[in-house]
Amino acid sequence: MARVLVVEDEPAIAELVALQLRHAGFDVCLAADAEAARVEVDRMLPDLVLLDWMLPGESGLALARRWRGDERTRALPFIMLTARAQEADKVAALDTGADDYLTKPFSPKELLARIRAVLRRRAPEALDVAVEVGGLRLDPVTRRVTRRVGAADLEAKLGPTEFRLLHFLLAHPERVHSRSQLLDRVWGDHVFIEERTVDVHVKRLREALGPLHCADLVETVRGAGYRLARPARDAAA
Ligand code: CA
């Protein structure tokens, strides 16, 4: 389930948006200003942020710039919400690295469509869509991990953490993820869990993928972290 942080100081709008998002199956948390937003992001890196431009104190724009300048939040997807509709404002918002931009008032339908579009591009593991790399397929709806080998569909038995880990890796193939990034995105906590925990679960994941003949899909990148490699013939396809 995708975690969405709504940063909005007008309670009526914040609650309405939260209601619509929860109804659509998102896990929502709220922040009324930049400081509260920072606390929420520190506590748990969301999959996406809806960020109001005009906030009391530090503006949404300034907060966005700060996020883009920080290692941990550099890739945090966010959609800017604003009452402004000037082209120069839109350009300023996109220049901070906003993934999209919505002018108030917006319809719930449009908001949801744009959120899904950003997540599909930036955090597909947050959506309930099947992912597949090198014939290895994970379906978040049925919670099955399968691979066709010859005429047989082989199924892997994964624990809940290994399942989430594989889901994240399959959604972002070829990229190297540090242990700290994996703790953030898979465990939802980069502070209180030891990085060695990642190694333990990668080992279990490889063991579980052994019977499907793809234990070597998850590569160790020395000094950097882990990567799910796309097999050569898959990349050519
Ligand atoms: Ca506002």
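Quote to one decimal, in nm, the extra length available between residue 107 and residue 213 on full extension: 0.36 nm per residue of separation minus the C-alpha distance between them.
Taking residue 107 through residue 213 to full extension adds about 33.4 nm, to one decimal.
What ranking of 68, 114 comes out by heavy-atom accessible area, probe 1.4 Å, highest first?
Descending accessible area places them as 114, 68.
Rolling a 1.4 angstrom probe over the protein heavy atoms, how many square angstrom per residue are accessible across the chain?
In whole numbers, the chain has 51 Å² accessible per residue.
Could you tell me the extents of the stretch 3-125's C-alpha atoms along the three principal axes, largest first, rounded to whole Å?
So the extents along the principal axes, rounded to whole Å, are 32, 31, 27.
With N set to the number of residues, divide the alpha-carbon radius of gyration of the chain by 2.2 N^0.38 Å and report two decimals. Write down the numbers at each step before the final one.
Values: Rg = 19.3 Å, N = 237, 2.2 N^0.38 = 17.6 Å.
Dividing the Cα Rg of the chain by 2.2 N^0.38 Å gives 1.10.
Pulled fully out, how much extra length does the chain show between residue 13 and residue 195, if you take 0.36 nm times their separation in residues and subtract their Cα-Cα distance?
61.6 nm
Please sort by residue number the chymotrypsin sites (Phe, Trp or Tyr not before Pro) in the stretch 1-71 whose DSSP state is loop and whose Cβ has at most 12 other Cβ atoms within 10 Å. Spell out each step's value before the answer.
Working: sites: 26, 53, 67; in loops: 26, 53.
Passing both the DSSP loop test and the Cβ count: no residue.
Working from the pairwise distances between different alpha carbons, so that the mean of 1/r is found and then inverted, what is the stretch 131-236's Kirkwood radius in Å?
Values: mean 1/r = 0.0715 Å⁻¹.
Computed over the stretch 131-236, the radius equals 14.0 Å.
Rounded to the nearest 5, what is the percent of antiparallel bridges among the DSSP beta bridges in the chain? Before the final figure, lay out the partial values.
On the way: 18 of 35 bridges.
Roughly 50 percent of the beta bridges in the chain run antiparallel, per DSSP.
Among the chymotrypsin sites (Phe, Trp or Tyr not before Pro) in the stretch 162-192, which ones are in a DSSP loop with at most 16 other Cβ atoms within 10 Å of the Cβ? Mind listing them? The partial results should precede the final answer.
On the way: sites: 163, 168, 187, 192; in loops: 192.
Counting only loop positions with at most 16 other Cβ atoms within 10 Å, the chymotrypsin sites (Phe, Trp or Tyr not before Pro) in the stretch 162-192 are 192.
In percent, what relative contact order does the stretch 1-76 have, based on Cα pairs under 8 Å that are 6 or more apart in sequence?
Relative contact order, the stretch 1-76: 34 percent.
The values are calculated or read from the model by the stated rules, or taken from the named source; none is laboratory data. What you see is a predicted model; the values in this text were computed from it and never measured. Counting neighbours? That spans all protein chains shown, and the Cβs are built from the backbone with ideal geometry, glycine included. These area figures cover heavy atoms from the full protein model, side chains too; ligands, DNA and RNA do not enter into them. Shrake-Rupley method; radii C 1.70, N 1.55, O 1.52, S 1.80 Å.
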